[in-house]
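The values are calculated or read from the model by the stated rules, or taken from the named source; none is laboratory data. Predicted model, so just to flag it, every value in this text is computed and none were measured. We place every Cβ from the backbone using ideal geometry, glycine too, and count neighbours over all the protein chains shown.
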Amino acid sequence: MLLRPDGFRRLCRARDLLREVREPSPSIADLAREVQISPFHFIRQFEAVFGTTPHQFRIQTRLDLAKHLLAIGQHSVTEVCLEVGFTSLGSFSTLFTRRLGEAPSVYQRRVRSSAQVPGVLPAELTPGCFSLIGHLPAKAFGRPVRSFREA
Amino acid sequence: MRIKLTSIMVDDQDKALRFYTEVLGFKRKHDIPVGEYRWITVTSPEGPDDLELALEPNANPAGKTFQEAMFAQGIPLAVFEVADIAVEFARLRGKGVVFLRQPAQAGPVTLAVFADTCGNLIQLYQPS
């Protein structure tokens, strides 16, 4: 598929809109209309460019934000649920648990129990991938890592 | 000092590994669980064998902001060299890859730009 510049801008705009929390939450068809793409083409193009459907993207965005708020804020699980755009605590908890393997309240207790420095994100939220190199076994790099003494 | 590793941020490591191996054709070199994420690197079958590309989770909000802004501005975050860009363009399009720019001459090279489904634009170029 070859996407023209205006089509690309519409998809980027749609991604921003999917991130917004509005009450009531607009349907995917509403958002397609807002960026002036037919619902069918919107879902097809969005998935081809971003590797996920608009609906799944919105759910993932909300869960990511929920994790963030549960980890750093002083909000209750119910407050976080509403803040990220869910209207039912039950469906929020079920979805969170299914995707992340633990209930929101369990996640919150686990992350907050680790020591936190004000203004610094908990390690759970920042993978810091390059630093992972240092934690890998030497065999991960194909040949033995030489010590400073050898070098 | 030599360049051994470079990385690209991806919004989903499973999806990225599938795209970078099954669609682009790179080889998985490392895939090691590290906490909630994985240390995943790929290499090109066309070499060099020991130069790795890490598929790095963009879970850091700052990384996500950067990645999305660059994407929306149409700026590729990685560039790969190909021997025949017309062949790659046809092959990748056949696999459903979305191009924002079809192969076109730009000075001494021919360029094309596609979306990697993980939040990045990638540029391909064929040297003349």
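A few remarks follow.
- Only listed residue being modelled with pLDDT of 95 or more, assigned to a helix (DSSP H, G or I) and β-branched (Val, Ile, Thr), chosen from B:87, B:97: B:87
- Test: residue in the range A:30-45 that is within 14 Å of another protein chain (Cβ to nearest Cβ) and without any contact (Cβ under 8 Å) to a residue 12 or more places away in the chain: yes
- Residue count for the range A:1-35, restricted to those that are part of a helix (DSSP H, G or I) and β-branched (Val, Ile, Thr): 1.
- The set of residues from the range A:16-34 being over 21 Å from the mean Cα position of the chain (by Cα) and surrounded by 11 or more Cβ atoms within 10 Å (Cβ to Cβ) comprises A:29, A:30, A:32, A:33, A:34.
- The set of residues in the range A:57-76 being more than 10 Å from every other protein chain (Cβ to nearest Cβ) and surrounded by fewer than 16 Cβ atoms within 10 Å (Cβ to Cβ) consists of A:73, A:74, A:75, A:76.
- Cβ-Cβ distances below 7 Å connect the following pairs, each with a first residue in the range B:33-52 that is more than 12 Å from every other protein chain (Cβ to nearest Cβ), a second residue that is among the basic types (Lys, Arg), and a separation of six or more residues or different chains: B:42/B:27; B:42/B:28; B:42/B:29; B:45/B:27.
- Residue within the range B:14-26 that is part of a strand (DSSP E or B) and surrounded by fewer than 17 Cβ atoms within 10 Å (Cβ to Cβ) present: no
- Residue that is nearest to the other protein chains (Cβ to nearest Cβ) [pool: residues in the range B:114-123 that are part of a strand (DSSP E or B) and out of contact with any Pro (no Cβ under 6 Å at 6 or more places or on another chain)]: B:115
- Considering residues of the range B:1-13 that are in a loop (DSSP other than H, G, I, E, B) and within 9 Å of chain A (Cβ to nearest Cβ) only, the residue nearest to residue B:45 (Cα to Cα): B:4
- The range A:51-77 residues that are at negative phi, paired with ones that are surrounded by 17 or more Cβ atoms within 10 Å (Cβ to Cβ) and polar (S, T, N, Q) (beta carbon under 6 Å, 6 or more apart): A:70/A:108
- Within the range A:36-54, the residues that satisfy the criterion of being surrounded by 14 or more Cβ atoms within 10 Å (Cβ to Cβ) and part of a helix (DSSP H, G or I) are A:39, A:42, A:43, A:44, A:45, A:46, A:47, A:48, A:49, A:50, A:54.
- Residue check for residue B:61: closer than 27 Å to residue A:61 by Cβ, out of contact with any strand residue (DSSP E or B) (no Cβ under 8 Å at 6 or more places or on another chain) and within 14 Å of another protein chain (Cβ to nearest Cβ): yes
- Hey, residue B:82 away from chain A (no Cβ under 12 Å), of a type outside the set (Ser, Thr, Tyr) and free of Cβ contacts under 8 Å to residues at least 12 places away in the same chain or not: no
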